[in-house]
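Below is one structure, written out as structure tokens, with a few remarks after it.
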């Protein structure tokens, strides 16, 4: 069903669990997996440098490539950019004809399994991507992350 999957990474431990879902989905569908990380910019004066972008690419490779190799998966592309993350994600999805975007609920790691479902909120990026995306968005809830399951 899906031939092109976009996984958005915030480069946190929490995000590694979301990556596992995206990788499994890519494997099951024999799909290409785009792995994206955005470096948000507040203004032109604090724009990330080329070195910042290369460092983020290296961190993505470090956190994802070995996991993909271990599962004999090589159909991927890594993309890092600077700018408004919502605009960058939706533009990439549109330009690459992505079939589904895979994201976590926010960059904030849920800290307690007993945390009330009503206290959890979608982060601003995922909320805006849901409204602006040119394709379906799969949001992986915290209860699918090992150690955070609710009874």
* **For the range 1-89, average projected area of the Cα convex hull in nm²** => 5.9 nm²
* FRET efficiency for residue 29 and residue 122, Cβ-Cβ distance as r, R0 = 30 Å, nearest 0.05? -> 0.75
* To do: Can you pull the one-decimal nm distance between simple spin-label points at residue 94 and residue 75, each 7 Å off the Cα toward Cβ?
  => 2.6 nm
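Coordinate-derived values only; no laboratory data. What you are looking at is a predicted structure, and each value in this text was computed from that prediction instead of being measured. For neighbour counting, all protein chains shown are included, and Cβ atoms are generated from backbone atoms with ideal geometry for every residue, glycine included.
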